[in-house]
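Let me begin by presenting the structure, written as structure tokens, before commenting on it.
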Amino acid sequence: MTRQSITTLGFSLALLSLGAVCEARHHGIDQREHHQARRIAQGVRSGELTRPETRHLLRQQAHIRFRERAFRSDGVLTPRERFVLQRDLNRASHAIHREKHDDQRR
């Protein structure tokens, strides 16, 4: 194998692995959104969430989905945009926990 073909092969493998990492990150955000939706639904079923709490949490989830769509509209999710989405998901997760454990019952 020539030096040029080895370099080309290495570059191709790097691009493929980068694509897999980006795809995994995309699934990570979607997976977190799905998990949080399940936590909210479980809180409604168990009575841990009141109607106003549920409405607030669902609005928060809709805002995150709206922001994600806006970020992805140009076809690229930058590291800064990914950071903002992760931060929003972290805040939403804490809000779900807080609301489910605040001793208010439906």
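The values are calculated or read from the model by the stated rules, or taken from the named source; none is laboratory data. Please read these numbers as outputs of a predicted model, since none were measured by experiment. With ideal geometry, Cβ positions are generated from the backbone for all residues, glycine too; neighbour counts draw on all protein chains shown.
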Query - Subset tally (residues that are loosely packed, with under 14 Cβ neighbours inside 10 Å and of a type outside the set (Val, Ile, Thr)) for the stretch 67-98 - result: 14
Query raised in the report: Of the numbered conditions (1) charged (D, E, K, R); (2) at pLDDT 95 or above; (3) not in a loop (DSSP other than H, G, I, E, B), residue 25 satisfies every one except a single condition; which is it?
Result: (2)
